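The values are calculated or read from the model by the stated rules, or taken from the named source; none is laboratory data. On a predicted model such as this, the values are computed, not experimentally measured, just so you know. So basically every Cβ, Gly included, is an ideal-geometry build from the backbone, and we count neighbours across all protein chains shown.
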Amino acid sequence: MPLSADPPALDHGDHPATAGRLPAALLMAGSCLPILGAVLLAPVMPRMQDHFEAVPGSAALVPLMLTVPALSLALLAPFAGVIVDRLGRKRLLVAATILYALFGTVPLWLDSLYGIVASRVLLGVAEAAIMTCCTTLIGDYYTGRLRDRYLALQTMCASASATVFFVVGGALGTIGWRAPFWLYVVGLLLAPAMAVALPAPAPGTGRGPGEGRVHAERRPFPVRRMAGLCLLTVFGAVVFYAVPVEMSYLLDDLGEESTGVIGAVTAIASAATVLGSVVFTRLSDRPRRRLPALFLLCAVGFLVMGTADSLPLLIAGAVVNCVGTGLLLPSLLTLAMSRLDFADRGRGTGLWTAAFFLGEFLCPLVLLAGKGALGDLASAVGLLGLVTVLVSTALVPLTRRAPQLRHHASDQP
């Protein structure tokens with residue numbers, strides 16, 4: 001993979017033009033919005049539980065408010081991808097960002113728990129469109145190594161923002177459980193900027209030289225080419241979210257109950273993920289060939305965590321794992337983008353996004369099942385490490401004999 005990339009074409013002509021840094025910054029900010037929805041409310045869950053304790057089923061419905069947007073996103077992202085390809089990326093992104101702000105702030109005005117849960121479902125619909133559009137537009141605007149770097153930056157921003165949003169949500173939560181919902185207003189600030197600053201992509205964007213010739217001919221969507229990668233992405237998302245979802249419980253099992261220590265360890269793990277994404281931007285080999293090694297690196301971290309009997313060892317395992325996941329996520333995403341033409345990119349990105357957020361939703365359920373079978377969470381994490389080793393081993397022959405894609409060399413995995 002070359003170290004430089006041809007700038008993308010943003011019109012119907014043959015002269016390429018660079019999208020610039022402002023569109024990239026807006027797409028990074030848009031990519032953080034679904035993360036906001038996932039972690040912002042975590043610190044105020046106990047207060048919400050107390051407020052709605054008289055409502056039947058509140059013990060299940062209040063935690064559901066945290067996870068249901070991710071489930072909605074996973075279920076609806078493929079449909080968002082179809083709409084993206086038919087109606088256009090930019091128009092849908094601007095509309096979805098406005099709806100994100102509207103649905104996100106609904107709990108400020110409602111005192112019905114059922115109504116708030118319904119608004120969170122609708123929020124997930126908007127998040128599905130935002131995430132699909134942002135990733136698709138990165139693929140449209142940029143090519144080759146530059147595109148890979150922006151996709152890695154998307155991962156870095158998501159990881160860093162999760163830590164920031166958790167702290168901000170906790171700070172606002174001291175005012176009251178409704179206060180964090182005001183942050184969703186940021187969508188109303190981003191939408192006008194996106195409408196003005198984002199160029200309208202056209203066929204031929206995000207392609208290497210020689211790929212923009214005949215775009216009128218319609219080909220079937222490459223289902224077989226994407227199916228295996230999406231399945232692998234579901235598992236990759238389980239691996240990616242295991243540490244952030246379960247670290248506090250692992251620390252508790254070691255007898256560490258200090259919220260300060262839990263916060264510090266979470267921040268260290270998040271920083272390790274960012275470090276992995278930074279390292280990704282410095283690598284020049286093909287992500288398809290790297291996948292077995294990256295899953296193996298994640299597995300080593302899980303195995304260390306699963307056998308850890310002290311805090312330093314647990315942190316060491318988490319750091320190893322998170323460096324691996326910081327490399328893994330952009331590798332899977334760039335591999336998916338390299339397999340998609342302009343006409344298919346929305347649907348393909350929607351499927352990949354659905355696969356990733358489905359893995360996020362399944363992650364705690366998988367580890368809960370492992371804990372139930374083995375008796376403790378550490379053993380479940382160790383078992384996930386063994387399964388990850390098996391996946392890594394199975395990928396070795398598959399990556400070696402995978403056929404070369406027809407894309408230009410700058411876009412090959």
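Odds and ends about this structure:
Residues are listed down the side, and each one gets a yes or a no for (1) buried (at least 23 other Cβ atoms within 10 Å of the Cβ); (2) in contact with a Pro (Cβ under 7 Å, 6 or more places away or on another chain):
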| site | (1), (2) |
| --- | --- |
| Val117 | no, no |
| Thr136 | yes, no |
| Gly139 | yes, no |
| Tyr142 | yes, yes |
| Thr155 | yes, yes |
| Leu189 | no, no |
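- Test: residue in region 90-99 that is at pLDDT 80 or above, surrounded by fewer than 17 Cβ atoms within 10 Å (Cβ to Cβ) and among the hydroxyl-bearing types (Ser, Thr, Tyr): no
- Check on Thr67, buried (at least 18 other Cβ atoms within 10 Å of the Cβ) and hydroxyl-bearing (Ser, Thr, Tyr): no
- Ser159 meets each of the listed conditions (1) closer than 27 Å to Arg86 by Cα; (2) at pLDDT below 85; (3) buried (at least 16 other Cβ atoms within 10 Å of the Cβ) apart from (1).
- Residue under evaluation Ile35, criteria (1) under 15 Å from Tyr184 (Cα atoms); (2) at pLDDT 80 or above, criterion not met: (2)
- Members of region 299-334 that are touching a residue at least 60 places away in the same chain (Cβ under 8 Å), buried (at least 22 other Cβ atoms within 10 Å of the Cβ) and not small (Gly, Ala, Ser): Phe302, Met305, Leu314, Asn321, Cys322, Thr325, Leu328, Leu329, Pro330, Leu332, Leu333, Thr334
- Some residue of region 45-65 being in a helix (DSSP H, G or I), among the aromatic types (Phe, Trp, Tyr) and not assigned by TED's automatic domain parsing to the domain that holds Thr233: no
- Count - residues of region 92-136 that are within 25 Å of Leu351 (Cα to Cα) and either among the acidic types (Asp, Glu) or not assigned by TED's automatic domain parsing to the domain that holds Ala24 (or both): 1
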